[in-house]
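Here's the structure, in C-alpha cells; my notes come after.
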Amino acid sequence: MIRLVIVASLLVGCRISLENNDTPDSGAGRQCTVSTSQPCMDAVTHSDLAWIESKIFVASCDFSGCHSSATDLGKLDLGAGKSHASLVGASSLLDPTRKLVVPNDLNASFLLLMLQDVKPEMATPPGTAPANGFMPKGSATLCCQKLDAVERWIMAGAPM
C-alpha cells in the first residue's frame, strides 16, 4: 500500500515524503504530516474543486457553523458549489490587502497561509501569523496530501 502511495505521489507531483509519518513535512517548512488515513491517501489523486469541497472544506471547515455560509462565524461560505466564488480572487476579511486564492500563485494565496501550508515570511508579500489563528480552527493541521490537493488546484488555475 505504501508503494502505491509513493508511486501516486510521484505521478501527481506531491511534495511529501513517506519516510516519517509522525513529523511535519520538512521540505518546505510546512506544519502538516503525511497520513495513512483513507481520506488523506485519496487526496493524492485529486486536484478538482468538487473533491476539495466535499472531502476537505466540508469535512474540516464548515462544521459547527464556521464556514457553512457567508453569514456564519467565519463569514466565508466553503460549501459545495459556493467555495469558488468565496475564494478565487476574493479579498480576505482578515487582511483585505490579500486575496484568498490567486490562481497559479501559491505564495500569494492567503488561504494557504491560513492553512499553515505557506509560512508567513514566505507569503507574497511576507506577512505574519493570522491574529485569530490558523485554520482549521480547533483542529489539527490538514494532512500534507490534502494540502497538496489544494495546491494542485490553485496551480491548475483554480478552476470551478
Ranked from fewest to most other Cβ atoms within 10 Å of their own Cβ, 57, 134 fall in the order 134, 57
Calc'd 3J(HN,Hα), the stretch 41-48, phi into Karplus 6.51 cos²θ - 1.76 cosθ + 1.60 (θ = phi - 60°), Hz, glycine/Pro = x, comes to 5, 5, 4, 4, 9, 10, 8, 8
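Can you give the FRET efficiency for residue 54 and residue 134, using 1/(1 + (r/R0)^6), R0 = 22 Å, r = Cβ-Cβ distance, to the nearest 0.05? Working shown, then result.
On the way: r = 22 Å, r/R0 = 1.01.
Efficiency computed from Cβ-Cβ geometry: 0.50.
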Karplus-derived 3J(HN,Hα) from phi for the stretch 78-94 (6.51 cos²θ - 1.76 cosθ + 1.60, θ = phi - 60°), whole Hz, x at Gly and Pro, runs 10, x, 4, x, 10, 5, 4, 5, 6, 10, 6, x, 8, 6, 6, 6, 6
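Throughout, read-outs are computed from the coordinates displayed, never taken from laboratory work. In this text the structure is predicted, and so the values were computed from the model without any measurement. Cβ atoms come from the backbone with ideal geometry, glycine included; neighbour counts cover every protein chain shown.
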